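So the structure is just underneath, and the comments pick up after that.
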Amino acid sequence: SQTIHQWPATLVQPVGSPLSLECTVEGTSNPNLYWYRQAAGRGLQLLFYSVGIGQISSEVPQNLSASRPQDRQFILSSKKLLLSDSGFYLCAWSVSAGFEAFFGQGTRLTVV
Amino acid sequence: SQQGEEDPQALSIQEGENATMNCSYKTSINNLQWYRQNSGRGLVHLILIRSNEREKHSGRLRVTLDTSKKSSSLLITASRAADTASYFCATDSNSGGYQKVTFGTGTKLQVIP
């Protein structure tokens with residue numbers, strides 16, 4: 001069966017420090033991968049999505065970047081965090097767009 | 001702006017009552033999905049309805065889709081305290097030759113025992 005792992009669950013980082021959040025998927029090949037951010041009490045904002053290795057699309061200009069070094073690995077990064085980067089980050093995968101998405105448990109990032 | 005917009009933003013009902021949440025969207029879709037999120041957790045897929053379907057059932061859930069009005073509704077019948085969560089609709093759209101799923105802002109449902 002397919003599973004998705006996202007870590008860490010919580011993270012407190014100082015302003016200006018780098019960030020690396022990792023997401024891996026098991027049990028499927030060539031999934032669509034997504035990174036979302038959810039501000040407190042709000043909906044999900046799509047940050048990045050990927051349909052294949054090295055293929056990353058960015059939805060909004062921001063301080064973050066994403067990479068997909070392997071088929072089932074999706075990494076969210078920042079060189080220098082801003083206070084406004086705080087939020088709940090969710091990784092998800094789907095067979096393709098238009099099919100149900102499976103979410104990781106999320107990472108709560110607090111930038112201080 | 002978000003492709004999907006849910007209303008109401010918050011809903012509080014008594015256990016046993018029905019809960020109805022609505023979602024409106026702007027562009028053509030292939031399908032629409034509803035998800036549930038418990039506080040501080042990831043989202044869980046509830047139901048998918050395709051653009052050529054008008055109604056779909058799954059247990060106590062009933063989803064309708066009106067493509068002419070670009071709207072959908074999620075009905076939870078005989079609500080339980082455990083249904084307390086946020087509910088999101090999601091639509092797929094074409095962007096740069098790819099399809100992607102985008103989410104609305106959600107309805108926060110509270111079921112009071």
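Only one entry in A:Val25, A:Val12 is in a strand (DSSP E or B), buried (at least 20 other Cβ atoms within 10 Å of the Cβ) and of a type outside the set (Ser, Thr, Tyr), namely A:Val25. Condition test on B:Asn38, is it over 13 Å from the mean Cα position of the chain (by Cα) and within 13 Å of another protein chain (Cβ to nearest Cβ)? So B:Asn38 fits the description; yes. For the range A:36-91, name all the residues that are surrounded by fewer than 15 Cβ atoms within 10 Å (Cβ to Cβ), in contact with a helix residue (DSSP H, G or I) (Cβ under 9 Å, 6 or more places away or on another chain) and of a type in the set (Ser, Thr, Tyr). Correct list: empty.
Checking the range A:66-88 against the condition returns no match, with no residue being farther than 30 Å from B:Asp7 by Cβ, in contact with a strand residue (DSSP E or B) (Cβ under 8 Å, 6 or more places away or on another chain) and facing another protein chain (nearest Cβ under 10 Å). Only one of the numbered conditions (1) among the polar types (S, T, N, Q); (2) over 23 Å from A:Gln105 (Cβ atoms); (3) surrounded by 17 or more Cβ atoms within 10 Å (Cβ to Cβ) is not met by B:Thr84, and that is (2).
Inspect the range A:96-106 for any residue being among the acidic types (Asp, Glu) and within 30 Å of B:Gln9 (Cβ to Cβ) and give the result as yes or no.
Yes, the conditions are met somewhere in the range A:96-106.
Report yes if A:Phe102 is in a strand (DSSP E or B), crowded, with 19+ Cβ neighbours inside 10 Å, over 12 Å from the mean Cα position of the chain (by Cα) and among the aromatic types (Phe, Trp, Tyr), otherwise no. Criteria met by A:Phe102.
Just so you know, all these numbers are worked out from the coordinates, no wet-lab data involved. Being a predicted model, the structure only gives us computed values, none of them experimental. FYI the Cβ positions are ideal-geometry reconstructions off the backbone, even for glycines, and counts take in every protein chain you see.
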